[in-house]
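Asks: Just passing along the structure, written as structure tokens.
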Amino acid sequence: MSERILILDFGSQVTQLIARRVRESGVYCEIHPFTISEDRLNGLAPCGIILSGGPASLTEAASPRAPELVFRLGVPVLGICYGMQTMCTQLGGRVTLSDHQEFGRAFIDILGECPLFEGLWPKGAREQVWMSHGDRVDALPTGFRAVAASDATPYAAIADEARRFYGVLFHPEVVHTPQGAQLLRNFTHNVAGCRGDWTMARFRAQAVDKIRRQVGSGNVVCGLSGGVDSAVAAVLLHEAIGDRLTCILVDTGLLRAGEAEEVVSLFRGHYNIPLIHRDASRLFLGKLAGIVDPEEKRKAIGATFIEVFDEEARKLGDVEFLAQGTLYPDVIESASPFGGPSVTIKSHHNVGGLPERMKLRLIEPLRDLFKDEVRALGRELGMPERLVERHPFPGPGLAIRIPGEVTGTKLEVLRKADAVFLEEIRNAGLYGAIWQAFAVLLPVKSVGVMGDSRSYDFVCALRAVTSTDGMTADYFPFPHEFLGRTATRIINEVRGINRVVYDVTSKPPGTIEWE
């Protein structure tokens, strides 16, 4: 990677969005904690540095600071919210508690020309942005000037063109700042001079070369889950090392309808990749018997998955590497001093490294990519769109969409209802407009009348959300006709359900995965 923008994370829940916006403009970037050592910082040789937002207050003595080297490297620096405040404090300005906090939609007045605003906001314009701060900059460091102000602060954006240091108190990375992505592009391309030539084709070539150097003449085993990440990782690995890759599909019995069969058909038939299909559904169901707590379910599924996978991998004999579909958000969170959603959310088999008994070295070919980039890589590899566009599916599968004890009967009922829901979504041409959709079998039963008799069956909840980044989401506004048609089909075609409801809860920021 010849060009690199470095993002220093101060704990904002939307730091990952900065990286996504930068990469969307064709510039490679990495997120590192603000505690990065100066040797590491210097070794990365960034073209520019972005200081993220964060929850701390500069009025507290123990609040985090950027490494002093950031301001001596001679590269452009952009501070966002807390990042702007710590830059001002460290360079001789002053930050105090504000009498007028700003959270949510706000408006700024453009006071002067600035490279960040080029082609966006002329002097005198009033523009919408998204604020999230309780402190304010009271005095600017020497060399800075105000280029934007809001009702709450005279310094909503600042610039020191001589040193190429800039700061914005608002968040350009979120969609609620309508032209924020272009502002970030102005920083990376116009200020930092990046070419913007980072593409999936380039990543593919570099990843294949890296895999070949890492694996050498060794053999690799890769676990397939039915999801996008593991499938793309497997196809990429096969391109790099051919038949020295063996895939293992552990069929937990917790997959969606037809998923295991589709994976086997694609990888054995289309790609001719060596594949072991282990049907362990009875084993998993036995391990889940009597377990009600969702976290205990996760642990049972994760432990059983490792047990079965290890058993099959040992049968292969000469295997040195295990491939996983680890993505960049997991890497970021594992390195962050603030922790992250994966710390408490993802306790299943694909997070947390390998058990000591598995004497395999880990290879993670997708660890530098976000989810949308994995999909782009899948398309670059020529994978079927039906697989590439597949909605996210949690590692524990349908087990955590059955609150309470998991039984074979409940799984069969839920699997059929889920399949009807997804089929109707595809038939309506809505699958691509929805970030994730699924059915949940609620732990309650409803008394109803079906035909001339009473019924006492499960209630099924349907869930569908839209999202641009996976950090926040809102329910999908299905037409009443669609919901009526889908509910009728589920009740008529799935024995065991006599009532269907639609969940219209929105998702707040702060978590990564919908389940």
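Asks: Please specify each residue of segment 109-133 satisfying the condition of being in a strand (DSSP E or B), aliphatic (A, V, I, L, M) and either within 21 Å of G54 (Cα to Cα) or open to solvent by 50 Å² or more (accessible area, probe 1.4 Å) (or both).
Replies: Those that are in a strand (DSSP E or B), aliphatic (A, V, I, L, M) and either within 21 Å of G54 (Cα to Cα) or open to solvent by 50 Å² or more (accessible area, probe 1.4 Å) (or both): V129, M131.
Asks: Polar (S, T, N, Q), touching a strand residue (DSSP E or B) at 6+ places or on another chain (Cβ under 9 Å) and over 22 Å from P294 (Cβ atoms): is that true of S467 in this structure?
Replies: yes
Asks: Moving to a separate point now. Quick check on my filter: what residues within segment 346-392 are at pLDDT 90 or above, in a helix (DSSP H, G or I) and either in contact with a strand residue (DSSP E or B) (Cβ under 8 Å, 6 or more places away or on another chain) or of a type in the set (D, E) (or both)?
Replies: E373, E380, E385 - these are the residues of segment 346-392 that are at pLDDT 90 or above, in a helix (DSSP H, G or I) and either in contact with a strand residue (DSSP E or B) (Cβ under 8 Å, 6 or more places away or on another chain) or of a type in the set (D, E) (or both).
Asks: Would you call S334 open to solvent by less than 60 Å² (accessible area, probe 1.4 Å) and either modelled with pLDDT of 60 or more or touching a helix residue (DSSP H, G or I) at 6+ places or on another chain (Cβ under 9 Å) (or both)?
Replies: Taking the combined requirement at face value, the residue does not satisfy it.
Per-residue answers, yes or no, for (1) among the aliphatic types (A, V, I, L, M); (2) out of contact with any Gly (no Cβ under 7 Å at 6 or more places or on another chain); (3) under 16 Å from G227 (Cα atoms):
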site: L255; (1), (2), (3): yes, no, yes
site: L266; (1), (2), (3): yes, yes, yes
site: G269; (1), (2), (3): no, yes, no
site: R282; (1), (2), (3): no, yes, no
site: A289; (1), (2), (3): yes, yes, no
site: A300; (1), (2), (3): yes, yes, no
site: T304; (1), (2), (3): no, yes, no
site: V308; (1), (2), (3): yes, yes, no
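Asks: Go through the residues of segment 29-36 one by one and say whether even a single one is more than 20 Å from V137 (Cβ to Cβ) and either crowded, with 24+ Cβ neighbours inside 10 Å or among the polar types (S, T, N, Q) (or both).
Replies: yes
Asks: Scan A148, A152, A162 and give me the residue that is in a strand (DSSP E or B) and either more than 24 Å from E60 (Cβ to Cβ) or small (G, A, S) (or both).
Replies: A148
Asks: Still on this model: If we keep just the residues of segment 423-439 that are open to solvent by 20 Å² or more (accessible area, probe 1.4 Å) and free of Cβ contacts under 8 Å to residues at least 40 places away in the same chain, which is farthest from the chain's Cα centre (by Cα)?
Replies: Ranking the candidates gives N427 first.
Asks: In segment 140-179, which residue that is in contact with a Lys or Arg (Cβ under 9 Å, 6 or more places away or on another chain) and among the acidic types (D, E) is surrounded by the most Cβ atoms within 10 Å (Cβ to Cβ)?
Replies: In this case the residue turns out to be E173.
Asks: Another question about this same structure. Criterion first (among the aliphatic types (A, V, I, L, M), modelled with pLDDT under 90, open to solvent by less than 40 Å² (accessible area, probe 1.4 Å) and under 20 Å from the mean Cα position of the chain (by Cα)) does V343 satisfy it?
Replies: no
Asks: Restricting the search to segment 55-100, which residues are part of a strand (DSSP E or B), open to solvent by 10 Å² or more (accessible area, probe 1.4 Å) and either within 23 Å of P115 (Cα to Cα) or out of contact with any Lys or Arg (no Cβ under 9 Å at 6 or more places or on another chain) (or both)?
Replies: The one that is part of a strand (DSSP E or B), open to solvent by 10 Å² or more (accessible area, probe 1.4 Å) and either within 23 Å of P115 (Cα to Cα) or out of contact with any Lys or Arg (no Cβ under 9 Å at 6 or more places or on another chain) (or both): R94.
Asks: Filtering segment 382-421 down to residues that are among the aliphatic types (A, V, I, L, M) and open to solvent by 30 Å² or more (accessible area, probe 1.4 Å), which residue is farthest from A487 (Cα to Cα)?
Replies: My answer is I400.
Asks: What are the residues in segment 165-179 that are closer than 18 Å to E118 by Cβ and either out of contact with any strand residue (DSSP E or B) (no Cβ under 6 Å at 6 or more places or on another chain) or assigned to a loop (DSSP other than H, G, I, E, B) (or both), if any?
Replies: P172, T177, P178, Q179
Asks: Does segment 433-444 contain at least one residue that is part of a helix (DSSP H, G or I), closer than 23 Å to R390 by Cα and either at pLDDT 90 or above or of a type in the set (S, T, N, Q) (or both)?
Replies: Scanning segment 433-444 turns up at least one residue that is part of a helix (DSSP H, G or I), closer than 23 Å to R390 by Cα and either at pLDDT 90 or above or of a type in the set (S, T, N, Q) (or both).
Asks: Check off (1) buried (at least 22 other Cβ atoms within 10 Å of the Cβ); (2) closer than 29 Å to K371 by Cβ; (3) in contact with a Phe, Trp or Tyr (Cβ under 9 Å, 6 or more places away or on another chain) for P46 and give me the number that stays unchecked.
Replies: (3)
Asks: Could you list, in sequence order, the residues of segment 204-237 that are open to solvent by 40 Å² or more (accessible area, probe 1.4 Å), part of a helix (DSSP H, G or I) and touching a Lys or Arg at 6+ places or on another chain (Cβ under 9 Å)?
Replies: The answer is Q214, and nothing else.
Asks: Return the total of residues in segment 474-496 being outside any helix (DSSP H, G or I), without any contact (Cβ under 8 Å) to a residue 60 or more places away in the chain and of a type outside the set (S, T, Y).
Replies: 5
Asks: Among (1) open to solvent by less than 70 Å² (accessible area, probe 1.4 Å); (2) at pLDDT 90 or above; (3) over 32 Å from the mean Cα position of the chain (by Cα), there is one condition A487 misses while meeting the rest; what is its number?
Replies: Only one criterion is unmet by A487, namely (3).
The values are calculated or read from the model by the stated rules, or taken from the named source; none is laboratory data. A quick note: this is a predicted structure, and the numbers were derived from the prediction, not measured. We place every Cβ from the backbone using ideal geometry, glycine too, and count neighbours over all the protein chains shown. Ligands, DNA and RNA are stripped out before the accessible areas are found, and what is left, the full protein with its side chains, is counted by its heavy atoms. Shrake-Rupley method; radii C 1.70, N 1.55, O 1.52, S 1.80 Å.
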